[in-house]
Amino acid sequence: MAGLLERIARAGRPPLHTLGPAEARALYAAGAEVLEPPRVPLARVEDIMLPGGDGRPRAARLYAPSRAPLPALLYLHGGGFVIGGLGTHDSLCRQLALRSGGAVVALDYRLAPEHRFPAAVDDAWAALHSLVEHASSWGLAKAPPAVGGDSAGGTLAAVSALHARDRGWPLALQLLITPGTSALADSASHRLFGNGFLLDAVTIEWFFEQYIERGARRDWRFAPLEADLDGVAPACIVLAECDPLVDEGIAYADRLRAAGVAVEFELYRGVTHDFIKMGRALKEAAAAQAFAAAALARAWSAG
């Protein structure tokens, strides 16, 4: 991991926080899958449309290892609510579909600053409701879906699971990969890993400023640690040791367990934020994908 960080630094890419949102998106998209294995072929890779939170359809992509009706995972990509999209997480979604034996539906939710909080939340909720109620419209199994995501997408997945509980929508699992869960970037891990470990403190604050007003950051739809977690769906949580967000991920796992929620948890040592998308360089990426996919398969079989 240290060698990888050195190579990334030598590439001389400008920090995201020095760019405008459009430039940051283009830069991220250009390098998002450089460290991923080649995109694995699947029986189904289809562009579809799902309802958005503003009543307008949103682009989505369905991945499945067979054409049989399969249970689905709604996947919400990372990128600080500002960058990322269907193309930046294509390889990861393919791997999760292949390894789990289920379908993955990736959502192209609205991004900030053009669409500030809670636009992304509303899009995630609308898409999840559609998968709960109308899975057969896309040839998916009529079974409780899972919801998951990485980084900011992990935050959206956590709050979607809370919303599903409140609405009485059945969920198989919430898959939270290096999620943000806290209103404040003030933990020990933020101080320890906030500079030089891929996701810097100044970049986190830049993301937050694009997405949400400072005074609104204790809203549970942004910071799920602020919520009552009783009765939420079982969780699989994947964290990286050298990640500013690791402490709040551990805190969320602890809070879930204290609320009586079943939690599968794995902390990958010596790696940074976004490691799960570095399978060409890190064996831990494939291990984490396999861990997450096995949790999904168990959850769907139990349902």
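Bear in mind that the values in this text are calculations on the coordinates, not laboratory data. All values derive from a computational prediction rather than experimental measurement. Positions of Cβ are backbone-derived with ideal geometry, glycine not excepted, and every protein chain shown enters the neighbour counts.
Can you tell me how much longer the chain between ILE8 and LEU267 gets when fully stretched, taken as 0.36 nm per residue apart minus their C-alpha distance, in nm with one decimal? So the extension gain works out to 90.9 nm. The Cα center of segment 216-236 and the Cα center of segment 119-160 differ in position by 16 Å. Count Lys and Arg as plus one, Asp and Glu as minus one, and take only other residues whose Cβ is under 12 Å from that of LEU156; the net charge is then -1.
Amide hydrogen proximity for LEU74: with H placed 1.01 Å from N in the peptide plane, the residues at 5 or more positions away or on another chain lying under 5 Å are VAL105, ALA146, VAL147, GLY148. Listing HIS134, HIS89, HIS163, HIS115 from fewest to most neighbouring C-beta atoms within 10 Å gives HIS134, HIS115, HIS163, HIS89.
Sites listed here are trypsin sites (Lys or Arg not before Pro) in segment 63-148 whose DSSP assignment is loop and whose Cβ has at most 11 other Cβ atoms within 10 Å: ARG67, LYS142.
What's the extension gain from ARG56 to LYS283 if we count 0.36 nm per residue and subtract their Cα-Cα distance? The span from ARG56 to LYS283 would gain 77.7 nm if fully extended. In order along segment 235-246, the Karplus-derived 3J(HN,Hα) couplings, from 6.51 cos²θ - 1.76 cosθ + 1.60 at θ = phi - 60°, round to 10, 10, 10, 10, 10, 10, 4, 9, 10, x, 8, 5 Hz, and Gly and Pro are given as x. For segment 183-277, trypsin sites (Lys or Arg not before Pro) meeting the loop criterion (DSSP other than H, G, I, E, B) and having at most 15 other Cβ atoms within 10 Å: ARG218.
Close amide H pairs (under 5 Å, H built 1.01 Å from N) link SER187 with no residue at least 5 positions away or on another chain. In order along segment 211-219, phi translates into HN-Hα couplings of 9, 8, 5, 4, x, 9, 6, 8, 5 Hz, rounded to whole numbers, per the Karplus curve 6.51 cos²θ - 1.76 cosθ + 1.60 with θ = phi - 60° and x for Gly and Pro.
Working note: Karplus 6.51/-1.76/1.60 with θ = phi - 60° gives segment 226-232 the couplings 7, 8, 6, 9, 4, x, 7 Hz, where Gly and Pro are set to x.
Evaluated at q = 0.12, 0.14 Å⁻¹, a Debye calculation over the C-alpha positions of segment 135-273 (equal weights, vacuum) places log10 I(q)/I(0) at -0.47, -0.63.
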